[in-house]
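Taking it in order: structure first as structure tokens, then the write-up.
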Amino acid sequence: MSTTKWCVPVLIAAVAAMCTAMCTACTPGPPAAGGGSATSITELDYYTDAEGSAAWQQNLDSCGRQTGITIARQQVPTDQLLPTVLRAAGSHSLPNLLMTDNPTIQQIAATGALTPVTDYGIATEGYYDSILKAGTYQGKVYGLAPGVNGLALFYNKDMLGEAGIQPPSTWDDLRAAATRLTGNGRYGLAFSAVPSEEGTWQFLPFFWSNGGDLSQVDSPQATVALQFLTDLVSAGAASKSVLTWKQDDVTNQFVSGDAAMMINGSWNLNKLDADSALRYGIVPIPVPHPGDTPTVALGGEVGAVPVTNPDAQQAAGKVLSCLLSEQNMLTWDTAHSLVPAKTAVAAEYGQRYPQMRSFIDEVATAKSRTAELGEKYQPLSTALGTAIQSALTGRQTPAQALHEAAKATS
Amino acid sequence: MTVTGTRANRGDREGTAVASSSGSRRHTGWAALGFLLPALVYLVVFFGYPLLNNVSMSFRDFTVRSFYTGQAPFVGLRNYAAVLQNPLFGPAMLDTVLFTVGSIVFQFGIGLALAVFFQGRFPGGTTLRSLLLLPWLLPLVVSGAVWRWMFDQDHGILNAGLRALHLAPVPWLTSTTWALPAVILTNIWIGVPFNLVILHGGLRAIPSALYEAAALDGANAWQRFRHLTLPLLRPVTGVVLMLGLVYTIKVFDVIMVVTGGGPADATQTLTTWSYRLSFGGFAFGQGAAAGNILILIATACGLLYLRSARVTLAEAAS
């Protein structure tokens, strides 16, 4: 009896203590006095592959030294970045500095959780128009990229040489080359058509180069583009496994010699160069007709400063400004094989690294994924990803599949 | 007179007894509450709150903006209507049922067969049984990724094996008909150890004297299994199937890693579809609605189980 008597108050006290602890944890601390600049900030990015992560860390370290600001870094996988940001926005615990994929920046800016980069004296001149547009929401620039990228066609020089084939520049060339290079357990072409943003991003160069428009995904031009890829797969010139290959898997297929050509981005150069036995070349994405200009989707991460507290925002602005300086831009883009986002820096870079030429040329005519639809891009991209899969599996014809995607997002 | 007096006395005594026991019961009641409180607080904070939030979200037009501003207009049942009318609802529902039933039937069947097999003592049996636990210890993302490689149409080990046997390779993850069996296969492999361990524990609790008696009565192996093992294993079976159902119906990571819901939505279950509605289409209200439908189904199954368990207990008591 006596034990029960003192047990109850102790238990109640313990629970009360637990509650208080939890409640204090969720009350926001006193707002820091404005005007100054914090000495430490938090940063969130999705560079999780060993190489890219190390290169980005070096870049952050260097800007930490230059600005005297300590940067606490957090990384999440690519597809977890947006959910993480939304959760943080809900609990008002956003990172001070955010590196996010450029098609998501307008979406995040639309919530009101970001501040314009111009608030921190960051100049927006000299950038490729497409990346500037991608980072602009309702007339204000919320995100700027240190480096951009696009997709091109990689080819195995030995395999093409053996078959006496020139690197393809048109769709007809590509189809013929892929068909001839297929055989003996090898496929002519590898690309990624996974049901996510990655798959849509790989399809868009074909879609846009043929005159497609995201505001009308079931147009005849779009259907022809999807039909082209579908034919490549059904003819066996590309493996049906493209449905499950992410871009990293595509690189592995190319490196191991199981694919003679691949659609991929410049960030693979380091990995390809590491294999000394592999001799490869890069040409721009083949176009529907001779003389057409390829229109690839613009890739690359933009830096943004979320709304946190004035001191931390100022500090984050300083770090972002440092990351965007021409010197750091060059270092990072060289380390990660990206195209500098400023036209003048890119031109200088192209002279130094000729293998990046195709990418630099393409970036000049690249289109940002949010150019046509703004914050409505993401739902459409999801529907388009499913449409691509429906066509490639043969569940629907390209026309039916695209029609369904248009209907689902209308 | 005496009789009634005794009766009254007895009544009195009973009366006081009740009074004093109700006093001590009040004390034990407080103590019980004290012991319950931590669990209650935990449930309310980590289960009740998110659940309520999810229910509230499903009745609102919750957009990306709502996360930051906290504003989401009430739309009544519109999210549920949109989910039910979505052409993907039927297929996702069917996939969920096929995935759950397919996984549980084989997980349980194989688990039970292995448990009976390991009941016999033989050299290396314990080591082998521990090794069989391995799939359960691996992170789901790891096993999922490995299975994805094994399923690869051109270079996967499964198709290499089929080719070696001069059989036609199977388009595991690239065909809309084969993808669902492929993810079910993966999930069966992951779930067998769980079934094996619990059922093996249940088997060991059956007194061996019963088997000896049955053997003396001339029962053969099948009769011993059918009339001894199965009925005596029934309570454990109920628990295993119930937990298996709850674990399987909410599987997300395995499908996400192996197929991502593809190809062409062929492996989209209610969980993956709910995720896609939320983070692919930014229709968070609809995603929450799809999630709630799943919770309703799981709850209904749980209640059914509790009822049947109560019936079993009552049978055992009578």
**Study point:** From the options B:Val101, B:Val44, residue that is within 14 Å of chain A (Cβ to nearest Cβ), modelled with pLDDT of 90 or more and within 30 Å of B:Phe194 (Cβ to Cβ)
**Key:** B:Val44
Study note, to complete from the structure: Scanning the stretch A:144-164 residue by residue, the ones that are more than 21 Å from A:Leu272 (Cα to Cα) and either part of a loop (DSSP other than H, G, I, E, B) or out of contact with any helix residue (DSSP H, G or I) (no Cβ under 7 Å at 6 or more places or on another chain) (or both) total 3
Point to revise | Residues of the stretch B:41-68 satisfying the condition of being assigned to a helix (DSSP H, G or I), more than 22 Å from the chain's Cα centre (by Cα) and surrounded by 13 or more Cβ atoms within 10 Å (Cβ to Cβ) | key: B:Val41, B:Val45, B:Ser56, B:Met57, B:Ser58, B:Val64, B:Arg65, B:Ser66, B:Phe67, B:Tyr68
Exercise for review: Specify the residue that is nearest to A:Glu404 (Cα to Cα); the eligible residues are those in the stretch B:258-287 that are within 11 Å of chain A (Cβ to nearest Cβ) and aliphatic (A, V, I, L, M).
Suggested key: B:Ala264
Point to revise | Test: A:Ser337 is hydroxyl-bearing (Ser, Thr, Tyr) and surrounded by fewer than 24 Cβ atoms within 10 Å (Cβ to Cβ) | key: no
Review point. Could you say whether any residue in the stretch A:64-72 is modelled with pLDDT of 85 or more, closer than 30 Å to A:Ile105 by Cα, in a strand (DSSP E or B) and not hydroxyl-bearing (Ser, Thr, Tyr)?
Key: yes
Study note, to complete from the structure: Among the residues of the stretch A:336-365, the number that are within 13 Å of A:Gly147 (Cβ to Cβ) and within 17 Å of the chain's Cα centre (by Cα) is 9
Exercise for review: Can you confirm whether the stretch B:200-222 contains a residue that is part of a helix (DSSP H, G or I) and closer than 18 Å to B:Trp136 by Cα?
Suggested key: yes
Check your understanding: Residues B:Val116, B:Val83, B:Val141: which one is surrounded by 15 or more Cβ atoms within 10 Å (Cβ to Cβ) and over 21 Å from B:Ile198 (Cβ atoms)?
Key -> B:Val83
Point to revise | Among residues of the stretch A:130-167, those that are closer than 22 Å to A:Gly317 by Cα and not hydroxyl-bearing (Ser, Thr, Tyr), counted | key: 15
Practice item. Among what's in the stretch A:348-394 and is outside any helix (DSSP H, G or I) and within 14 Å of another protein chain (Cβ to nearest Cβ), pick the residue that is surrounded by the most Cβ atoms within 10 Å (Cβ to Cβ). Key: A:Thr370
Study note, to complete from the structure: Note on A:Ala134: of the conditions (1) among the aliphatic types (A, V, I, L, M); (2) farther than 27 Å from A:Ser93 by Cβ; (3) modelled with pLDDT under 95, unmet is (2)
Practice item. Need at least 2 residues that are of a type in the set (Gly, Ala, Ser), over 21 Å from A:Tyr46 (Cβ atoms) and not assigned by TED's automatic domain parsing to the domain that holds A:Ala109 per element, so show me which strands (runs of 3 or more DSSP E) inside the stretch A:252-319 make the cut, counting only ones lying wholly within it. Key: A:259-265
Review point. Quick one: which of A:Gly161, A:Gly183, A:Gly212 is without any contact (Cβ under 8 Å) to a residue 24 or more places away in the chain, under 16 Å from A:Pro288 (Cα atoms) and not β-branched (Val, Ile, Thr)?
Key: A:Gly212
Point to revise | One residue from A:Ser337, A:Ser410, A:Ser368, A:Ser325 being over 24 Å from A:Lys246 (Cα atoms) and either modelled with pLDDT under 90 or in contact with a strand residue (DSSP E or B) (Cβ under 9 Å, 6 or more places away or on another chain) (or both) | key: A:Ser410
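Residue by residue, here is whether (1) buried (at least 16 other Cβ atoms within 10 Å of the Cβ); (2) away from chain B (no Cβ under 13 Å); (3) among the aromatic types (Phe, Trp, Tyr); (4) in contact (Cβ under 8 Å) with a residue 40 or more places away in the chain holds:
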residue: A:Gly64; (1), (2), (3), (4): yes, yes, no, yes
residue: A:Gln74; (1), (2), (3), (4): no, yes, no, no
residue: A:Leu81; (1), (2), (3), (4): yes, no, no, no
residue: A:Val85; (1), (2), (3), (4): yes, no, no, yes
residue: A:Thr104; (1), (2), (3), (4): yes, no, no, yes
Check your understanding: Can you name every residue in the stretch B:69-94 that is in a helix (DSSP H, G or I), away from chain A (no Cβ under 14 Å) and touching an Asp or Glu at 6+ places or on another chain (Cβ under 9 Å)?
Key -> B:Arg78, B:Asn79
Practice item. Would you mind finding the one in A:Pro167, A:Pro95 that is in contact with a helix residue (DSSP H, G or I) (Cβ under 9 Å, 6 or more places away or on another chain), closer than 30 Å to A:Ser276 by Cα and not aromatic (Phe, Trp, Tyr)? Key: A:Pro167
**Study point:** When residues of the stretch A:274-317 are limited to those that are touching a helix residue (DSSP H, G or I) at 6+ places or on another chain (Cβ under 9 Å) and among the acidic types (Asp, Glu), the one surrounded by the fewest Cβ atoms within 10 Å (Cβ to Cβ)
**Key:** A:Asp275
Point to revise | When residues of the stretch A:196-229 are limited to those that are buried (at least 19 other Cβ atoms within 10 Å of the Cβ) and of a type in the set (Ser, Thr, Tyr), the one nearest to the other protein chains (Cβ to nearest Cβ) | key: A:Ser196
Check your understanding: Among the residues of the stretch A:143-195 satisfying the criterion of being more than 30 Å from B:Arg276 (Cα to Cα) and of a type in the set (Phe, Trp, Tyr), which is surrounded by the fewest Cβ atoms within 10 Å (Cβ to Cβ)?
Key -> A:Trp171
Revision key, fill the gap. Inside the stretch A:194-228, the number of residues satisfying the requirement of being polar (S, T, N, Q) and touching a Gly at 6+ places or on another chain (Cβ under 8 Å) is 4
Check your understanding: Within the stretch A:108-161, how many residues turn out to be within 14 Å of another protein chain (Cβ to nearest Cβ) and out of contact with any Gly (no Cβ under 9 Å at 6 or more places or on another chain)?
Key -> 4
Revision key, fill the gap. Flagged in the stretch B:57-66 as within 7 Å of chain A (Cβ to nearest Cβ) and touching a residue at least 40 places away in the same chain (Cβ under 8 Å), in numbering order, are B:Val64
Exercise for review: Might you check whether a residue that is in contact (Cβ under 8 Å) with a residue 60 or more places away in the chain and within 11 Å of another protein chain (Cβ to nearest Cβ) occurs anywhere in the stretch B:154-166?
Suggested key: no
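The values are calculated or read from the model by the stated rules, or taken from the named source; none is laboratory data. Quick caveat, the model's predicted, so the values are computed rather than measured. A quick note on method: Cβ atoms are made from the backbone with ideal geometry, for glycine too, and the neighbour counts reach across all protein chains shown.
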